[in-house]
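Have a look at the structure below before the remarks.
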Amino acid sequence: ALSAQCPMPNAPCPMPNAQSLVSDIVESRIIQRWESQDEPLHLRTIRDRILNNDAIAASLLGIYQQIISGKEVLADESKINIDLLLSGLVINETGKLKVKNLIYQRIFNLEWVATKIDNLRPYYQKLNAWIASQQQDKSQLLTGITLQQAIAWSENKQLSDIDYHFITASQELATQEITRDLNAEKVEKEKAKFALQAANEASRILASARKYAKRNALDIRLAKPWLIGITLGVTCAIALVRFTGLMQPMEWSIFDRFMQNRPSPGIDSRVVIITIDEPDLQEIGQYPIPDKVLAEALKKLKSYNPRNIGLDLYRDLPVKPGSDELIQVFKTTPNLIGIEKVVGNQVASPQVLAELEQVGIADQVLDGDGKVRRALLSVGSAKTKIRYNLSLRLALNYLKQEGITPKPRSQNSYHIQLGKTVLIPFQSNDGAYVRADAGGYQILLNYHGTIENFEHFSITDLLNDRVPPEKIQNRIVLIGSIAESVNDLFQTPYSISLFKHPKQMAGVTIIANVLSRILSAAIEGKPLLRVWSEPIEWLWILLWSGIGAVLSWRFKSMSIMIGTIILAAIGLAIVTYLAFNIGWWIPVIPPIFGLVIAAIILPFFTSRQIEKIQLRQIVELLVTAAKEQPAVGQIAIEYLKQGESKENQALIEKMISQIYLNR
């Protein structure tokens, strides 16, 4: 390759200097434009190891700057020295850090280090602006935390003279500002010392005036018309909110709690439930249960001489085998009542029972929260056929044998006299309800209890002769499913409990509850649920709003007032609970709101009026003090203004003007 450079092939050609040739090659192939020629990666890797970590880059460059400048740097075990060694740029040579080779020293020279350090300066923008102003613009000097950061950053670095000059000038400016602040603080302390005595006296006078006005305020009471106005206002506001239906869920919740926590009524032995549960379905092996199995169960029941049988099972279609046998049982059992569904998605009754007019409806009325709190006793009108609820049909049949028949209380009246009770149809705004659907003839359902409050046996027990005949004889027997898989389950007031798992109630149990309550009301006079008329309910709410206003007016102590309000609310809850137990559903939530809101609002209005009276008394006392000690009095007035709102500040000025005019 070297000989090819000689112009004369046969002539002797001088050999170039080897060292010079190597230097040229290193210069052109490695050092010049090294970043673009660094393939495979080597020098750029070293560069990145030095610069990539912003947290230590400045320190690495500072140590390397000392090494390349010829200063002795010992190879100790510090983290920064280890990181520098790991970069590959330096080596440990007899306990001192040296640049690894001349190529590294040429590429990563002092100029390269200075450029990189400049890029890392945390204050480079302010430094450049300061230099551009010919070092005159003091606003560009560092202060506070930025100065401390710059000083900490400059340690162990060889910086330029301009860097040190910039940092020193910043330190001198900071010292001057501290001195100036100390002098200003000294002057302020002197002023405060002179004003302290006057301020203390003004504070004493103001505190004394406030104490005097506050003591006098204890005897100030609003006129009684305020009590009446606040009571009426609170009642009207609650009436409006209640009319929107916002209180309905809370009142339903109280209804449910009262229903759950009533004393146990015991077991109503007049009603017996034959249940179909999951174990029964597994043993029978089919659902709907075959007509043959149902016919056999009905025959068993007939042999025990029940007074009535209610079949709470839809049988609009035959379920073979045994359909003919079941039809024959239907025809020969005059005290059997089947069911149909007439509201919404209709389900027909067995045809033979429909022809014999032995059918009752099994529709349930659901409230907005999905719970059953009302019973639909009948649907229809004078122009259409009236269909009676299964419970009502069974009850009327039972009561007829007791010599009790329904009679209207008066002509064109929907109030029905039934033995010792009166059936009163539900209205759309009864109790807690707001614009509820009152279609058909509904009543509020005063539950007797859960299935545990009725005699109940499984259909398997009946088929296997495990039901005592005396438990059936002369009783009303209901047959229905309680299995979860059948899904004839409903939410009721008993569904939610604080300590038990929520449980739905089977439709047959709800029918038993309606039936039991009608019988108890007609025969024994036990109450169905009744409600007050709306005017009486508003008077009830007005009463408790008035109690809240009076208690708040009577007791000035906040703790005493809160205690009495709590006791009053407890008393209200007890009264309404006891009333519920005897069949009256009285509002609880609206009067409690009236009690509490009136008790809160009255102090709000009275405190504003009393505040104005107190403020007037304080101002009069301060004006009097200002005549004797003008400076102290004016300071006290200014203190008073500072502690008041802008509205009260204007009022104070007005009061001062009036006082001076009157004098």
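The values are calculated or read from the model by the stated rules, or taken from the named source; none is laboratory data. These figures come from a predicted structure and were not determined experimentally. Cβ sites come from the backbone with ideal geometry, for glycine too, and all protein chains shown count toward neighbours. Accessible surface areas use protein heavy atoms only, side chains included; no ligands, DNA or RNA. Shrake-Rupley method; radii C 1.70, N 1.55, O 1.52, S 1.80 Å.
Here are a few things to note about the model shown:
- Kirkwood estimate for the chain, i.e. one over the average of 1/r between Cα atoms, Å: 36.5
- Folded to 0 to 90 degrees: helix 110-120 orientation relative to the chain principal axis, Cα: 30
- Estimated at the nearest 10 Å², the accessible area of residue 103 is 50 Å² with a 1.4 Å probe.
- Ellipsoid fit via the Cα gyration tensor, segment 399-461: semi-axes of 28, 21, 10 Å, each the root of five times an eigenvalue, largest first.
- At 0.692 mPa s and 37 °C, Stokes D of segment 492-558 from Kirkwood alpha-carbon radius, µm² per second: 200
- Sequence of 180, 616 when ordered by accessible area, the most exposed leading, probe 1.4 angstrom: 180, 616
- 0 to 90° range, to nearest 10: angle between helix 534-554 axis and the chain longest Cα axis: 50
- Taking every DSSP helix (H) stretch of at least 4 residues in the chain, weighting each as -39,500 (n - 2.57) and dividing the sum by the residue count yields a mean residue ellipticity at 222 nm of -17500 deg cm²/dmol.
- Shape category assigned to segment 312-444 from the gyration tensor of Cα positions, a/c cut at 1.5: oblate
- Rg then Dmax, both in Å and based on the Cα atoms of segment 355-398: 12.1, 38.
- Trypsin sites (Lys or Arg not before Pro) restricted to DSSP loop in segment 511-561 with at most 16 other C-beta within 10 Å: 556
- Sequence-distant contacts, meaning Cα pairs under 8 Å at least 6 residues apart, place the relative contact order of the chain at 15 percent.
- Cα gyration tensor shape for segment 218-323, rounded if a/c is under 1.5, else prolate or oblate: prolate
- In the context of the full set of protein chains, the chain has a per residue accessible area of 55 Å² (1.4 Å probe).
- Given a 1.4 Å probe and the protein chains as shown, residue 604 ends up with an accessible area of around 140 Å².
- Area accessible to solvent at residue 577, 1.4 Å probe radius, in Å²: 60
- Only Lys, Arg (+1) and Asp, Glu (-1) charged, at Cβ; segment 29-126 dipole about Cα centre in debye: 220
- For segment 536-663: relative contact order, % (alpha-carbon pairs under 8 angstrom, 6 or more apart): 26
- Cα gyration tensor category, rounded, prolate or oblate, for segment 302-352 with a/c compared to 1.5: oblate
- Once the Cα atoms are used to define both axes, helix 291-303 deviates from the longest principal axis of the chain by about 50 degrees.
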